[in-house]
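Computed from the coordinates by the stated procedures, all read-outs in this text should not be read as laboratory data. For clarity, every value in this text was computed on a predicted model and none was experimentally measured. Here the Cβ is made from the backbone with ideal geometry for all residues, glycine too, and neighbour counts use every protein chain on show.
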Amino acid sequence: MRRKLVAGNWKMHGSLALTSELCEAVTAGKPYDVDVVVFPPTLYLRQAVLEVAGSGVGVGAQDVSVHAQDGAYTGEISARMIADCGAGWAIVGHSERRADFRESDHDVGRKFAAARKAGLTPVLCVGETHAEYTGGHTLEVIERQLAAVLEHNPIEAFVSAVIAYEPVWAIGSGLSATPEQAQHVHAFIRSQLGKKDANISLLTRLLYGGSVKAANAAELFAQPDVDGGLVGGASLNTEEFVKICRAAGT
Ligand code: PGA
């Protein structure tokens with residue numbers, strides 16, 4: 001049985017004060033019947049780790065360096081450093097990083113490996129752009145993105161890893177995929193993993209991301225292959241985020 005998971009990706013939002021406010025609200029909303037993880041900007045990671053300590057809420061980074069070893073990589077932050085600060089999770093391959101920072105499928109595979117090596121749980125984002133969606137290429141894009149990660153990582157890595165399906169056209173647009181669209185792609189992702197190992201494919205948690213809010217969370221999470229959500233904008237609104245966490249528990 002896969003336990004539901006709700007992840008809040010704060011993106012480049014926040015301050016010391018907002019980190020305290022969000023952490024306090026999320027921990028005050030406990031107990032949840034689901035796993036909850038927040039992804040603050042890396043600069044506020046340590047603060048968030050200390051603020052949620054003992055609550056069961058997890059903390060992760062929004063990205064990790066492709067470089068696993070320390071070295072002369074000005075501005076980079078390694079997975080090891082993130083783990084050293086007490087975080088347990090890392091998003092890799094978010095579409096904003098793929099598009100704005102030109103991260104390739106190959107880079108994402110390396111980042112996934114670096115996160116695992118440091119003991120972090122990777123949350124791998126996959127998803128098609130609007131043009132790919134309208135062109136009917138959704139499944140082939142997902143297949144390519146997954147295959148690149150599997151080139152750098154054994155299927156066993158997916159026992160504890162998480163995959164987030166985030167159609168790029170749904171991110172921050174208010175236009176969520178329908179529950180049926182999400183389920184269709186999630187079932188495809190599970191079948192792709194199943195080609196490597198049927199048992200493992202049943203263990204991997206698959207999140208949906210893209211304009212998840214309190215109003216649509218319950219119906220998305222009710223789909224058989226939707227194991228929770230990766231929430232952007234709504235994770236900055238404490239009331240809304242707590243409602244989404246509760247929706248995952250029903
Ligand atoms: P959104 O973002 O919920 O604001 O659409 C989701 C994400 O980018 O992870």
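Within straight cross-link reach of Lys30, meaning Cα distance under 20 Å, which aspartates and glutamates are found once same-chain residues fewer than 8 apart are removed?
Of all the aspartates and glutamates, those that pass the test against Lys30 - Cα under 20 Å, at least 8 places apart if same chain - are Glu21, Glu51, Asp227, Glu239, Glu240.
Please sort 90-96, 198-204 by packing, taking for each peptide the average over its residues of neighbouring beta carbons within 10 angstrom, highest first.
In decreasing order of mean packing, 90-96, 198-204 become 90-96, 198-204.
Rounded to two decimals, what is the ratio between the C-alpha radius of gyration of region 24-99 and 2.2 N^0.38 Å? Numbers along the way, then the final one.
On the way: Rg = 13.6 Å, N = 76, 2.2 N^0.38 = 11.4 Å.
So region 24-99 has a normalised radius of gyration of 1.19.
Assuming a viscosity of 0.692 mPa s and a temperature of 37 °C, what translational diffusion coefficient in µm² per second does Stokes-Einstein assign to the chain, Rh being the Kirkwood radius over Cα pairs? Don't skip to the end; give the middle numbers.
Details: Rh = 17.8 Å.
The Stokes-Einstein estimate is 184 µm²/s.
With the crude spin-label approximation of a point 7 Å out along Cα→Cβ, what separation in nm comes out for Asp100 versus Ala222?
For Asp100 paired with Ala222, the spin-label model returns 3.5 nm.
Express the C-alpha Rg of region 93-232 as a ratio against the empirical globular expectation 2.2 N^0.38 Å, rounded to two decimals. Numbers along the way, then the final one.
Details: Rg = 14.0 Å, N = 140, 2.2 N^0.38 = 14.4 Å.
Compactness ratio reported: 0.97.
Of all the Cα-Cα pairs you can form in region 1-137, what percent are over 20 Å apart?
48 percent
List Met1, Met12 from most exposed to least, where exposure is judged by having the fewest other Cβ atoms within 10 Å.
Least crowded to most crowded, the residues run Met1, Met12.
What ranking do Ser55, Ser211, Ser191 get, fewest neighbouring Cβ atoms within 10 angstrom at the top? It would help to have the intermediate numbers written out before the result.
Numbers: Ser55 16, Ser211 22, Ser191 13.
So the ranking, lowest neighbour count to highest, is Ser191, Ser55, Ser211.
In debye, nearest 20, what is the charge dipole magnitude of region 11-132 about its Cα centre with +1 on Lys and Arg Cβ and -1 on Asp and Glu Cβ, if you could check? Don't skip to the answer; put the middle values down first.
Values: 11 positive and 16 negative charges, 62 e Å.
Here the size comes out at about 300 debye.
Taking 30 Å as R0, compute the FRET efficiency from the Cβ-Cβ separation of Glu151 and Ala72 and round it to 0.05.
Plugging the Cβ-Cβ distance into 1/(1 + (r/R0)^6) gives 0.65.
Restricting to Cα pairs below 8 Å that are 6+ residues apart, what does the relative contact order work out to for the chain? Please round to a whole percent.
Computed value for the chain: 22 percent relative contact order.
Given region 99-236, what count of lysine pairs have C-alpha atoms under 25 Å apart, with each pair 8 or more places apart or on different chains?
Eligible lysine pairs with Cα atoms under 25 Å apart amount to 4.
What order, most packed first, do the peptides 178-188, 118-128, 236-246 have when packing is the mean number of other Cβ atoms within 10 Å of each residue?
118-128, 236-246, 178-188
Kindly point out which whole DSSP H helices in the chain project their C-alpha atoms 20 angstrom or further along the helix axis while averaging a Kyte-Doolittle hydropathy of -0.5 or above. Intermediate values should be presented prior to the final figure.
On the way: long enough: 138-152 (22 Å, 0.37); 179-196 (26 Å, -0.92).
Correct list, ordered by number: 138-152.
How far apart, in nanometres, would the label points at Asp84 and Met12 be if each is projected 7 angstrom from Cα along the Cα-to-Cβ direction?
2.5 nm
Just need the relative contact order of region 1-127 here, percent rounded to a whole number, with Cα pairs under 8 Å and 6+ apart.
Values: 215 pairs, mean separation 27.2, N = 127.
Computed over region 1-127, the figure is 21 percent.
I need the peptides 169-177, 39-47 ranked by packing, meaning the mean over residues of other C-beta atoms within 10 angstrom, with the highest value on top. Before the final figure, lay out each step's value.
Numbers: 169-177: 17.6, 39-47: 20.1.
For the peptides 169-177, 39-47, the packing ranking is 39-47, 169-177.
Eigenvalues of the Cα gyration tensor times 5, then square-rooted: what semi-axes does that give for region 153-250, in whole angstrom, largest first?
Semi-axes from the Cα gyration tensor: 24, 13, 12 Å.
Any aspartates and glutamates with Cα under 12 Å of the Lys11 Cα? List them, leaving off those in the same chain fewer than 8 positions away.
Asp63, Glu96
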